Amino acid sequence: MPAPAPGARDAHEAIERLAAWFAERPTRQGLLAREALARRRPDDDALRARLIDALRHDTRADGSVGGSLLATAWRAIELVELGHGGDQPGAQRAVNWILTTQNKPGAYGEGCTPERHQRHVCEHFMSGFFAPALATQRVAPITLPDGKVFRVEAPARFAVSCLALRAVLQAGERRPAVEQHVASLVRLQEEWENWGGYFPPDLVGSAIEALAYAGPARQEVLRRLTALVRDHQEPDGSWANADLFHMSAALVAARTDAARRALRRAVPQLVGRQRPDGTYGPTAREERALIALRALLLATEDELAPWGF
């Protein structure tokens with residue numbers, strides 16, 4: 001096999017720094033990182049059981065985390081990822097609570113104005129979204145688990161709903177209202193082609209990360225959207241007005257050919273921003289390190305792939 005290209009060598013060095021940092025961490029991210037690297041520790045099964053037990057017990061009787069849609073959606077995702085499925089009681093209780101917020105007052109798309117109607121982002125075209133709060137209650141700013149901050153109200157509600165959709169889809173939920181949410185996202189493709197317009201690029205990332213779990217029928221949609229993300233990538237591998245880690249997480253979830261190519265282009269950013277200890281700063285420290293690891297592993301999955309684009 002030929003020697004890896006310079007970008008691949010840099011990526012492998014970054015991966016090894018991350019591997020060293022995650023090697024002993026008794027956390028969800030540490031466990032998942034070691035699994036991704038095929039470097040599991042003998043006590044990782046016991047650690048998994050402890051983590052699941054702690055996450056299950058840190059919830060209300062109704063299955064929510066403090067009555068927060070954002071926190072509960074993330075809890076469901078954590079439990080599904082740790083348990084390799086959504087059939088365990090803690091994850092299912094969280095999902096059941098999330099579903100009670102669907103199509104409720106305060107959901108994205110509620111109401112209508114001439115501009116929103118023209119863009120198909122009102123209640124006449126959108127359904128299935130989850131409501132993080134009543135419309136009279138401010139949600140923004142919100143910080144997603146990957147560190148991305150949404151400071152404007154409508155995008156914040158959209159992003160939280162996409163995270164909730166991802167949670168219920170990962171858990172295997174496919175009821176009609178959930179499929180309505182998926183279909184609403186699919187209908188927005190034309191609006192997203194106006195990159196950086198009405199929808200900030202990071203919202204496209206949120207949609208991609210949810211649609212990645214929507215099943216084989218949505219693969220063509222994912223291919224188009226990830227190609228859109230790739231086509232609007234800067235020469236240095238970043239995205240203007242978009243969070244590197246939020247977008248990288250979406251591409252990792254999608255795993256299309258376009259997603260892989262975009263992640264290869266992003267390698268200089270993922271390598272250049274890495275600190276000597278392997279991490280990326282204090283913001284969402286472990287989660288961003290895990291996202292970077294997954295992105296770098298996917299970017300180097302095929303050493304024979306061409307590195308320049």
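Just checking, which of 140, 135 is hydrophobic (A, V, I, L, M, F, W, C), surrounded by fewer than 17 Cβ atoms within 10 Å (Cβ to Cβ) and under 24 Å from residue 287 (Cβ atoms)?
Exactly one residue qualifies, and that residue is 140.
Determine which single condition residue 282 fails, assuming it passes every other condition in (1) open to solvent by 20 Å² or more (accessible area, probe 1.4 Å); (2) at pLDDT 95 or above; (3) under 28 Å from residue 173 (Cβ atoms).
Condition not satisfied by residue 282: (3).
For segment 256-270, state whether one or more residues are over 23 Å from residue 159 (Cβ atoms), in contact (Cβ under 8 Å) with a residue 12 or more places away in the chain, in a loop (DSSP other than H, G, I, E, B) and open to solvent by 60 Å² or more (accessible area, probe 1.4 Å).
Quick first cut of segment 256-270, residues over 23 Å from residue 159 (Cβ atoms) only: 257, 260-261, 264-265, 267-268.
Now restrict to residues that are in contact (Cβ under 8 Å) with a residue 12 or more places away in the chain: 257, 260-261, 264-265, 267-268.
Now drop any that are not in a loop (DSSP other than H, G, I, E, B), which leaves none.
No; the residues of segment 256-270 include none that is over 23 Å from residue 159 (Cβ atoms), in contact (Cβ under 8 Å) with a residue 12 or more places away in the chain, in a loop (DSSP other than H, G, I, E, B) and open to solvent by 60 Å² or more (accessible area, probe 1.4 Å).
Open to solvent by 40 Å² or more (accessible area, probe 1.4 Å) and in contact with a helix residue (DSSP H, G or I) (Cβ under 9 Å, 6 or more places away or on another chain): does that describe residue 78? Walk me through how you get there before you give the answer.
Details: open to solvent by 40 Å² or more (accessible area, probe 1.4 Å): no; in contact with a helix residue (DSSP H, G or I) (Cβ under 9 Å, 6 or more places away or on another chain): yes.
The answer is no for residue 78.
How many residues does segment 215-226 contain that are surrounded by fewer than 17 Cβ atoms within 10 Å (Cβ to Cβ) and within 17 Å of the chain's Cα centre (by Cα)? Talk me through it step by step, then tell me what you get.
Start the filter on segment 215-226 by keeping residues that are surrounded by fewer than 17 Cβ atoms within 10 Å (Cβ to Cβ), which leaves 215-217, 219-220, 223-224.
Then keep just the ones that are within 17 Å of the chain's Cα centre (by Cα); that gives 215, 219, 223.
Residues meeting the conditions: 3.
Tell me which residues, restricted to segment 191-214, are assigned to a helix (DSSP H, G or I), open to solvent by less than 30 Å² (accessible area, probe 1.4 Å) and of a type outside the set (Gly, Ala, Ser).
So the first thing to find is which residues in segment 191-214 are assigned to a helix (DSSP H, G or I), and the list is 191-192, 201-211.
Among the residues that remain, those that are also open to solvent by less than 30 Å² (accessible area, probe 1.4 Å) are: 192, 201-211.
Within segment 191-214, 192, 201, 202, 203, 204, 208, 209, 211 meet the criteria.
Suppose the filter is open to solvent by 30 Å² or more (accessible area, probe 1.4 Å) and assigned to a loop (DSSP other than H, G, I, E, B); does residue 237 pass it?
Numbers: open to solvent by 30 Å² or more (accessible area, probe 1.4 Å): no; assigned to a loop (DSSP other than H, G, I, E, B): yes.
No, not satisfied.
Filter segment 11-53 down to the residues that are open to solvent by 10 Å² or more (accessible area, probe 1.4 Å), closer than 19 Å to residue 298 by Cβ and modelled with pLDDT under 95 and list them by number.
12
Considering only residues that are on the phi > 0 side of the Ramachandran plot, surrounded by fewer than 17 Cβ atoms within 10 Å (Cβ to Cβ) and modelled with pLDDT of 90 or more, which ones fall in segment 104-124?
Initial filter on segment 104-124 (on the phi > 0 side of the Ramachandran plot): 106, 109, 111, 120.
Keeping just the survivors that are surrounded by fewer than 17 Cβ atoms within 10 Å (Cβ to Cβ) gives 111, 120.
Hit for segment 104-124 is 111, nothing else.
Across segment 285-309, which residue is modelled with the highest pLDDT among those that are assigned to a loop (DSSP other than H, G, I, E, B) and open to solvent by less than 30 Å² (accessible area, probe 1.4 Å)? Outline the logic, then answer.
Restricting attention to segment 285-309, the residues satisfying the condition of being assigned to a loop (DSSP other than H, G, I, E, B) are 300-309.
Add one more test, that the residue is open to solvent by less than 30 Å² (accessible area, probe 1.4 Å), and what stays is 300, 305.
On the way: 300: 93, 305: 47.
Among residues in segment 285-309 that are assigned to a loop (DSSP other than H, G, I, E, B) and open to solvent by less than 30 Å² (accessible area, probe 1.4 Å), the one modelled with the highest pLDDT is 300.
Identify, please: which residue in segment 13-31 is without any contact (Cβ under 8 Å) to a residue 60 or more places away in the chain and not in a helix (DSSP H, G or I) and is, among those, nearest to residue 76 (Cα to Cα)?
This residue is 26.
Would you check if residue 86 is in a helix (DSSP H, G or I), surrounded by 15 or more Cβ atoms within 10 Å (Cβ to Cβ) and modelled with pLDDT under 95?
For residue 86, the condition - in a helix (DSSP H, G or I), surrounded by 15 or more Cβ atoms within 10 Å (Cβ to Cβ) and modelled with pLDDT under 95 - is not met.
Being hydrophobic (A, V, I, L, M, F, W, C) and at pLDDT 95 or above is the filter; apply it to segment 90-103 and report the residue that is surrounded by the fewest Cβ atoms within 10 Å (Cβ to Cβ).
Start the filter on segment 90-103 by keeping residues that are hydrophobic (A, V, I, L, M, F, W, C), which leaves 91, 94-95, 97-99.
Pick out the ones that are also at pLDDT 95 or above and you get 94-95, 97-99.
Details: 94: 32, 95: 25, 97: 21, 98: 25, 99: 17.
Among those residues, the one meeting the criterion is 99.
Show me the helices (runs of 4 or more DSSP H) entirely contained within segment 111-190 in which 3 or more residues are among the acidic types (Asp, Glu). Give the derivation first.
Values: elements: 114-118, 153-170, 176-187.
Answer list for segment 111-190: none.
Tell me yes or no: at least one residue of segment 178-187 is open to solvent by less than 40 Å² (accessible area, probe 1.4 Å), farther than 25 Å from residue 115 by Cβ and not acidic (Asp, Glu).
As a first pass, look at segment 178-187 and keep what is open to solvent by less than 40 Å² (accessible area, probe 1.4 Å): 178, 181-186.
Keeping just the survivors that are farther than 25 Å from residue 115 by Cβ gives 178.
This time we only want the ones that are not acidic (Asp, Glu), so: 178.
Yes, the conditions are met somewhere in segment 178-187.
The values are calculated or read from the model by the stated rules, or taken from the named source; none is laboratory data. Every value quoted in this text rests on a predicted model; they were computed, and no experiment measured them. Using ideal geometry, Cβ is built from the backbone for each residue, glycine included, and neighbour counts are taken over all protein chains shown. For the accessible areas, the whole protein counts, side chains as well, though only heavy atoms, and no ligand, DNA or RNA atoms are used. Shrake-Rupley method; radii C 1.70, N 1.55, O 1.52, S 1.80 Å.
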